[in-house]
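Colleague: Handing you this structure, nothing more for now.
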Amino acid sequence: MKTRKAAFVLIVSACMMVFAAIAAHAAPITCSVESVGPYGTNADTDGSYIYLTAADSSFTNQKCKIAGGPTRRGKEFLAAALTALASGKQVSVTLTTGATPTVTSIIVQK
């Protein structure tokens, strides 16, 4: 019985940490695109990378990953980033945390 309770508490705690982490990164950040492009052919490191500078100066030239694959919409994210870079417009992005954050949303601003 103690094992079940311990397992239940562990599962609930893990779920709370996951949902807290997702909620913590929900605020979009306005950034300038410094550079962007596809990178690599290895399944572990492929995708595209974008270098961003926050409008509020919280980070400068931050390397972020745009994940590839059909379900992650990597091509659409890359297209939006390239549009912003070519037109000089800013983007609103949502990022994960980590050494190399991943872009989870990107919107080119007017």
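Colleague: Do you know which residues across segment 38-56 are assigned to a strand (DSSP E or B) and modelled with pLDDT under 90? Full working, then the answer.
Modeller: Here is the first cut: in segment 38-56, the residues assigned to a strand (DSSP E or B) are 38-39, 47-54.
Once the filter is applied, which keeps residues that are assigned to a strand (DSSP E or B) and modelled with pLDDT under 90, segment 38-56 yields Pro38, Tyr39, Gly47, Ser48.
Colleague: Counting just the residues of segment 57-81 that are within 12 Å of the chain's Cα centre (by Cα) and under 14 Å from Pro101 (Cβ atoms), which one comes out modelled with the lowest pLDDT?
Modeller: Restricting to residues being within 12 Å of the chain's Cα centre (by Cα) and under 14 Å from Pro101 (Cβ atoms), the top hit is Ala67.
Colleague: Restricting to segment 57-110, give me the number of residues that are assigned to a loop (DSSP other than H, G, I, E, B), among the charged types (D, E, K, R) and closer than 18 Å to Ile29 by Cβ.
Modeller: Residues of segment 57-110 that are assigned to a loop (DSSP other than H, G, I, E, B), as a first pass: 57-61, 67-73, 88-89, 96-101, 109-110.
In the following step, the residues that additionally are among the charged types (D, E, K, R) were identified as 72-73, 89, 110.
Going one step further and asking which of them are closer than 18 Å to Ile29 by Cβ, we end up with 89, 110.
The number of residues fulfilling the criteria is 2.
Colleague: Mind checking which pairs have a first residue in segment 82-110 that is farther than 16 Å from Gly37 by Cα and a second that is basic (Lys, Arg) and at pLDDT below 95, Cβ under 8 Å, 6 or more apart or different chains?
Modeller: Lys89/Lys110
The values are calculated or read from the model by the stated rules, or taken from the named source; none is laboratory data. Just so you know, these numbers come straight off a predicted model, no measurement behind them. Positions of Cβ are generated from backbone atoms using ideal geometry, with glycine treated the same way; all protein chains shown enter the neighbour counts.
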